[in-house]
Amino acid sequence: MPRPHTIALLQALLVTFLWSTSWVLIKAGLEEIPALTFAGLRYGLAFLVLLPLLGRASVRVSLARLTRRDWALLVALGVTMYALTQGAQFLALERLPAQTTSLVLSFSPVLVAFLAVLALGERPSRRQAWGVALFLAGAFVFLYPVAFPRSELIGLAIALVGLVSNAGASVLGRYVNRGATLPAVVATAVSMGVGAALLLGTGLASQGLPELSPRSWAIVAWLAVVNTAFAFTLWNVTLRRLTAVESSVVNNTMLIQIAVLAWLFLDEPLGVRQVAGLVLASLGTLVVQVGGRSGLAPAAAPIARERRDVTEAP
């Protein structure tokens with residue numbers, strides 16, 4: 001019989017695999033669904049899946065105790081984490097390969113480490129500085145020669161917006177949850193509902209809702225129910241057994257997983273140079289995540305990635 005710790009580790013790997021497949025599914029869905037509308041549908045449906053959890057007695061009590069300041073923070077979290085971060089991710093994937101988008105957004109833990117100095121007084125260690133240098137070296141190796149078509153430059157600019165907003169959401173999420181006074185389901189559902197409403201409203205107003213095929217609806221439903229609602233719940237379960245370092249190591253495998261899946265299903269090249277760059281970048285983000293004295297929890301590379309920071313998976 002497997003040990004509980006081993007089961008938790010396997011569950012965490014399953015979650016990161018599901019989150020990595022999101023990138024392939026998003027690229028497939030973007031063939032038919034406009035980016036912002038697509039993101040709004042995904043997180044709107046995921047919010048509806050989580051909505052019944054808000055009806056539990058203990059959760060209703062927590063909702064009733066929320067102050068105006070609490071609501072303001074949750075709204076801000078919804079705007080940064082979902083409306084800006086996820087909106088930018090979907091828009092970037094319209095214009096960039098999944099591997100490149102993933103690499104840009106994987107810089108989030110590095111940026112979080114420095115934003116935390118200003119916002120939370122959590123200073124990065126010397127080891128984390130070396131992690132930043134290692135990540136940058138890996139990114140250079142992966143992207144070399146650094147030459148992009150004009151359309152991809154727009155995609156890179158959008159991805160950078162997603163990177164900054166994701167890092168900001170990570171710091172804000174840590175601030176909201178640092179006192180552990182707010183149940184995770186409240187922070188998750190309320191912020192997701194706010195972000196989903198903004199994404200869907202903006203998407204429908206600017207891009208409209210085309211007639212979707214059964215294939216597209218299946219992609220939206222899978223992303224919402226399995227890769228968002230189910231995956232986040234299972235990730236929370238694994239955090240009861242895994243340490244922050246172990247979660248960081250597992251979470252960090254997503255950069256490689258996304259690259260391999262994009263190579264297999266999206267025909268994105270993955271040569272020796274790209275592999276070497278991804279390995280260096282992964283090691284760099286891992287050093288940043290686990291090498292500090294401040295104990296920052298892993299930040300998303302996604303939206304997203306674990307409830308300690310209320311970040312969101314892709």
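The values are calculated or read from the model by the stated rules, or taken from the named source; none is laboratory data. Just so you know, these numbers come straight off a predicted model, no measurement behind them. Ideal geometry is used to build each Cβ from the backbone, glycine not excepted, and the neighbour counts take in all protein chains shown.
For the reader, a short list of remarks on this structure follows.
- Candidates are the residues of the range 226-242 that are of a type in the set (A, V, I, L, M) and under 16 Å from the mean Cα position of the chain (by Cα); the one that is nearest to P2 (Cα to Cα) is L234.
- Test: residue in the range 51-62 that is touching a residue at least 24 places away in the same chain (Cβ under 8 Å), within 18 Å of the chain's Cα centre (by Cα) and under 21 Å from Y175 (Cα atoms): no
- Residue satisfying condition, being of a type in the set (F, W, Y), under 30 Å from L143 (Cβ atoms) and surrounded by 19 or more Cβ atoms within 10 Å (Cβ to Cβ), within set F114, F38, F47: F38
- Scanning the range 202-214 for residues that are loosely packed, with under 14 Cβ neighbours inside 10 Å, in a helix (DSSP H, G or I) and touching a residue at least 40 places away in the same chain (Cβ under 8 Å) returns a single hit, S206.
- Test: residue in the range 148-155 that is in contact (Cβ under 8 Å) with a residue 60 or more places away in the chain and either more than 23 Å from S58 (Cβ to Cβ) or not in a helix (DSSP H, G or I) (or both): yes
- The criterion of being surrounded by fewer than 19 Cβ atoms within 10 Å (Cβ to Cβ), of a type in the set (S, T, N, Q), at negative phi and free of Cβ contacts under 8 Å to residues at least 60 places away in the same chain does not hold for T100.
- Selection status of G195, assigned to a loop (DSSP other than H, G, I, E, B) and small (G, A, S): no
- Scanning the range 18-35 for residues that are among the β-branched types (V, I, T) and surrounded by 24 or more Cβ atoms within 10 Å (Cβ to Cβ), we see that the one that is nearest to Q89 (Cα to Cα) is I26.
- For I219: the one exception among (1) at pLDDT below 85; (2) more than 16 Å from the chain's Cα centre (by Cα); (3) crowded, with 16+ Cβ neighbours inside 10 Å: (1)
- The condition of being touching a Gly at 6+ places or on another chain (Cβ under 7 Å) and either aromatic (F, W, Y) or within 21 Å of F232 (Cα to Cα) (or both) holds for only one of V59, V79, V75, that being V79.
- Options R308, R240; residue that is farther than 17 Å from L14 by Cα, modelled with pLDDT under 85 and outside any helix (DSSP H, G or I): R308
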